[in-house]
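Trainee: Here it is: the structure, laid out below.
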Amino acid sequence: MTQSETPVLLVDVPDSSIMNRHYYLASKTMAQFEIEIKSLLGEKGAADALKAKLCTNDPTCSCVATSTQLNHYFEGGNIDALYQKVEHLFDAETQAKLQQIIEKGTSFSIRSRQKDDQVLLVLKASVDAGTSANTVSRLEFEEPVSISLDALDRLIENAGYRYQAKWSREREEYAYKGLNVCIDKNAGYGYLAEFEKMTDAEHTLAEVRTEIESIMAELGVAELPQDRLARMFDFYNNNWADYYGTDKTFLIE
């Protein structure tokens, strides 16, 4: 999300048979939904095989972006104190976006991110009875700042937050048959693929979901089940210091 965009409302449509399908309603000029499905690839060979299939099946497929990312997750703290610590980093318009999320949200997930040379503050907030990590609807704030990642982390800590976990990954993004396909090399998880598509028509969500499933099937990749992802997430959070910034991986069934 760029500085000129308004906050994003993320809508999760519950379905016990569907893993990691998140529908993001973006409050831009026209509302848009994003449908995303994750697949655990694991080893480099599987990632290379997927990239080869992308190019073979779609001659117009291309790598449109690459990045190296550090993502720091925080817990605890006080959201109002955080606003006071970081408001000077943003212009008046961006401050208003952040205030809107704080006022409307009921549960907050705070993160700092470095994407190549760019540092960002990321805040996700639920706007219903759920949590910011698992909810039907949530708001997202993701804005660049002009300080270092360490300096941003200190501001967050000064608002009473503490590290939950630190994550690192390398990302390649591909344009494939109308989809955005991200292939990530994650510390701990290994290689992971995300298949995404945007739509501004709510009535087409099921159709788009079926389209993504069909494309994943033709590529021979499977969706990552939610219960397994939860176990992986918990294990990493408890052991992140052993994996962050390394090529080490673990296997959780």
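Trainee: In region 197-253, which residues are small (Gly, Ala, Ser), under 16 Å from LEU40 (Cβ atoms) and in contact (Cβ under 8 Å) with a residue 24 or more places away in the chain?
Mentor: Across region 197-253, the qualifying residues are GLY220, ALA222.
Trainee: Can you name the number of the only condition in (1) touching a strand residue (DSSP E or B) at 6+ places or on another chain (Cβ under 7 Å); (2) assigned to a helix (DSSP H, G or I) that GLY245 fails?
Mentor: (2)
Trainee: Return only the number of the condition from (1) at pLDDT below 95; (2) surrounded by 14 or more Cβ atoms within 10 Å (Cβ to Cβ) that GLN99 does not satisfy.
Mentor: Status for GLN99: all satisfied but (2).
Trainee: Looking at region 213-238 only, could you name the residues that are in contact with a Leu (Cβ under 9 Å, 6 or more places away or on another chain), in a helix (DSSP H, G or I) and at pLDDT below 95?
Mentor: Passing the criteria: ARG228, LEU229, MET232.
Trainee: Any residue at all in region 159-177 that's assigned to a helix (DSSP H, G or I) and of a type in the set (A, V, I, L, M, F, W, C)?
Mentor: No, every residue in region 159-177 fails to be assigned to a helix (DSSP H, G or I) and of a type in the set (A, V, I, L, M, F, W, C).
Trainee: Next question, about the same structure. How about region 50-83: which of its residues are closer than 30 Å to ARG154 by Cα and more than 18 Å from the chain's Cα centre (by Cα)?
Mentor: GLY76, GLY77, ASN78, ILE79, ASP80, ALA81, LEU82, TYR83 - these are the residues of region 50-83 that are closer than 30 Å to ARG154 by Cα and more than 18 Å from the chain's Cα centre (by Cα).
Every residue, every condition in (1) among the hydrophobic types (A, V, I, L, M, F, W, C); (2) within 23 Å of GLN164 (Cα to Cα); (3) in contact (Cβ under 8 Å) with a residue 40 or more places away in the chain, yes or no:
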site	(1), (2), (3)
ASN71	no, yes, yes
GLN84	no, yes, yes
THR94	no, no, yes
LYS104	no, no, no
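Trainee: Now a separate question. Of all residues in region 178-207, count the ones that are crowded, with 16+ Cβ neighbours inside 10 Å, of a type in the set (A, V, I, L, M) and not in a strand (DSSP E or B).
Mentor: 2
Trainee: For ASP58, which of the numbered conditions (1) at pLDDT 95 or above; (2) surrounded by 15 or more Cβ atoms within 10 Å (Cβ to Cβ); (3) of a type in the set (Asp, Glu) fails to hold?
Mentor: For ASP58, the failing item is (1).
Trainee: If we keep just the residues of region 37-49 that are under 21 Å from PRO225 (Cα atoms) and outside any strand (DSSP E or B), which is nearest to the chain's Cα centre (by Cα)?
Mentor: Only one residue fits best here, namely ALA47.
The values are calculated or read from the model by the stated rules, or taken from the named source; none is laboratory data. The shown structure was predicted, so the numbers you read here are calculated from the model rather than taken from an experiment. Cβ sites come from the backbone with ideal geometry, for glycine too, and all protein chains shown count toward neighbours.
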